[in-house]
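Chemist: Got a structure for you, written out below as C-alpha cells; questions coming shortly.
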C-alpha cells in the first residue's frame, strides 16, 4: 500500500436528520473505527465523521450510501489524519460513561466508580460502544425493568452488535442470554467482549438470520427481547418478535429517530404488544413494549 494511503483517514459529510441512522449503520458495516454525528442546528442538517484505518474507497462508500438511501449519496470529504497520540485521543474520545447503574469504558482506562457495574466495550467493528443515544437509552430502559418487576430470567439480544446490551443484562439480572447478529464479524467481536467482561459462559452467541436463527427457535419464548437496530427492520420484524415473547414479556426497541417512533409503535401494537414507555434522547427514541400477561 502506498504510504500516504496508510494510517488513519477521516470521512466527513453533511446530511439530513432522517438519514443519520442508516448512514451510521453503513459506516459501521464498512469497518469504520468510530462514527460521530452532530446536529448543526435545531431541526436542520447534521454532520457526520467516520474514522478508518487506511484510505477508504470513496467511490465504493458513495455507491453504498446511494443504494442505502435510495438516491444520490451526500458528498464525501476524505482526508488523512495527522499522526497523534492515539492513546490520549482515545481517552478523550471515549471517557468512561456513567449510564444509570453502569460504567461503560474501554480497555484504555478503568472505570472510576466501583459502585457501578463495569461494561468493558472497546470501539471496534461492531455497533454499540455506549456513546450513542440509542445505546444509552436502551441501557437506562434495561436498568428500569427490575424496578418495575420485569427482571428477565431469559433474554434475547437481536442484532447484538458489540454485545453491550447482552452483557449489561447478564451482569444486572443474571439471566440466560442469547445474542444474535446477521454479521459474523459482529458476533466474533461480541464473543470477545463477553469473555472480557466475565460473561462468556452465560451468553450464547450466534450468527443468524434474525428470528429464524436456529437458537432463537430452540430457546423461545423469552422474557425479554432487545433490538437496537433500525426503524424499518423493527417494523418488518414486529410479528416475529411478538412470536418469541412469552405472555407478560418485555421488548426494548431502539435505533429509531423520534419521528419514526409512531410507525414502530403501530407495527408492534398490531402484533399484540402495548407501549409502556417512550424514552427520547438527543433526537432518538427507545421504546419499551410488552405482551399482555
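Here, each number is a calculation from the coordinates, and none is a lab measurement. Computed from a prediction, not measured in an experiment: that's the story for all the values here. Note that each Cβ is placed from the backbone with ideal geometry, even for glycine, and that neighbours are counted across all protein chains shown.
Chemist: Can you compute the FRET efficiency between residue 246 and residue 18 using 1/(1 + (r/R0)^6), with r the Cβ-Cβ distance and R0 = 51 Å? Round to the nearest 0.05.
Modeler: With R0 = 51 Å, the Cβ-Cβ based efficiency is 0.90.
Chemist: Shifting gears a bit: Calculate how steeply helix 20-29 sits against the longest principal axis of the alpha-carbon atoms of the chain, using the helix alpha-carbon long axis, and give the answer as 0 to 90 degrees to the nearest 10.
Modeler: 80 degrees
Chemist: With everything on Cα atoms, drop me the angle between helix 58-69 and the longest principal axis of the chain, reported from 0 to 90° to the nearest 10.
Modeler: 30 degrees
Chemist: Got a sec? Which residues in region 139-173 would a label at residue 206 touch, if it sits 7 Å along Cα→Cβ and we count backbone N under 15 Å?
Modeler: Zone members listed by number: 155-160.
Chemist: Okay, moving on. Treating the Cα atoms of region 200-269 as identical point scatterers in vacuum, please give the log10 of the normalised Debye intensity I(q)/I(0) at q = 0.22 Å⁻¹, two decimals.
Modeler: Values returned for q = 0.22 Å⁻¹ are -1.02.
Chemist: Once you keep just the Cα pairs under 8 angstrom separated by 6 or more residues, what percentage relative contact order results for region 132-290?
Modeler: It rounds to 23 percent for region 132-290.
Chemist: Here's a follow-up. Would you mind calculating the relative contact order of the chain from Cα pairs under 8 angstrom and at least 6 residues apart, reporting the percent as a whole number?
Modeler: Reported as a whole number, the value is 13 percent.
Chemist: What nm distance separates the two modelled labels at residue 280 and residue 293, each placed 7 Å from Cα along Cα→Cβ?
Modeler: Going from the residue 280 label point to the residue 293 one covers 3.1 nm.
Chemist: Helix 184-196 sits at what angle to the longest principal axis of the chain, using alpha carbons and giving 0 to 90 degrees rounded to 10?
Modeler: Helix 184-196 sits at roughly 70 degrees to that axis.
Chemist: Which residues in region 254-277 place their backbone N less than 14 Å from a point set 7 Å from the Cα of residue 68 along the Cα-to-Cβ direction?
Modeler: No residue passes the distance filter.
Chemist: Which label marks the calculated value of Cα Rg over 2.2 N^0.38 Å, given the options (1) 0.99; (2) 1.31; (3) 1.27?
Modeler: Computing Cα Rg over 2.2 N^0.38 Å and matching it to (1) 0.99; (2) 1.31; (3) 1.27 gives (1).
Chemist: Let me ask another. If you stretched the chain out fully between residue 79 and residue 10, how much longer would it get, using 0.36 nm times the residue separation minus the C-alpha to C-alpha distance?
Modeler: Extra length from residue 79 to residue 10 when fully extended: 24.3 nm.
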